[in-house]
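Take a look at the structure below.
The values are calculated or read from the model by the stated rules, or taken from the named source; none is laboratory data. Just so you know, these numbers come straight off a predicted model, no measurement behind them. Cβ placement follows ideal geometry from the backbone for every residue including glycine, while neighbour counts extend to all protein chains displayed.
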Amino acid sequence: MAALFANARIVELIAGLVVVEIIALGVYFRLRGRAIPWDLFSNLVSGLCLLLALRSALLDSAWPLIAGWLSAALIAHLAALYPHLKSHKSLEQ
């Protein structure tokens, strides 16, 4: 078990499960004639980017790669929040 954590293999396994989850949800919603909800998709992509940032850090990758994954996670997270913020526009007035 320690070997899974030592070389970031556990993070790769979890990231693979997230990819399988995205595909499974895409198929599920497509069979029902709908697209996967944007906020759900964006949240999953954000989590996947965070996992890839963790993997990069555990493997001592260069900081720009880690920063890139973290930036991608932020963009995906903001994309998930956008519909919610847009629907609460009345709060600004």
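Scan the range 33-62 for residues that are at pLDDT below 95 and β-branched (Val, Ile, Thr) and jot them down.
36
Can we say residue 80 is surrounded by 12 or more Cβ atoms within 10 Å (Cβ to Cβ), of a type outside the set (Asp, Glu) and modelled with pLDDT of 95 or more?
Working: surrounded by 12 or more Cβ atoms within 10 Å (Cβ to Cβ): yes; of a type outside the set (Asp, Glu): yes; modelled with pLDDT of 95 or more: no.
Judged against the criteria, residue 80 is not a match.
Could you please find all residues in the range 6-42 being farther than 21 Å from residue 75 by Cα and charged (D, E, K, R)?
Selection gives 9, 12, 30, 32, 34.
Within the set of pairs 6+ apart or on separate chains, which have a first residue in the range 4-31 that is under 30 Å from residue 60 (Cα atoms), a second that is surrounded by 12 or more Cβ atoms within 10 Å (Cβ to Cβ) and not hydrophobic (A, V, I, L, M, F, W, C), and C-beta atoms under 6 Å apart?
Taking only residues 6 or more apart or on different chains, the pairs are 8/55; 11/55.
Can you tell me which of 42, 61, 71, 46 is of a type in the set (S, T, N, Q) and not in a helix (DSSP H, G or I)?
Of the residues listed, the single one that is of a type in the set (S, T, N, Q) and not in a helix (DSSP H, G or I) is 61.
Hey, residue 30 hits all of (1) surrounded by 12 or more Cβ atoms within 10 Å (Cβ to Cβ); (2) in a helix (DSSP H, G or I); (3) not hydrophobic (A, V, I, L, M, F, W, C) but one; which does it fall short on?
(1)
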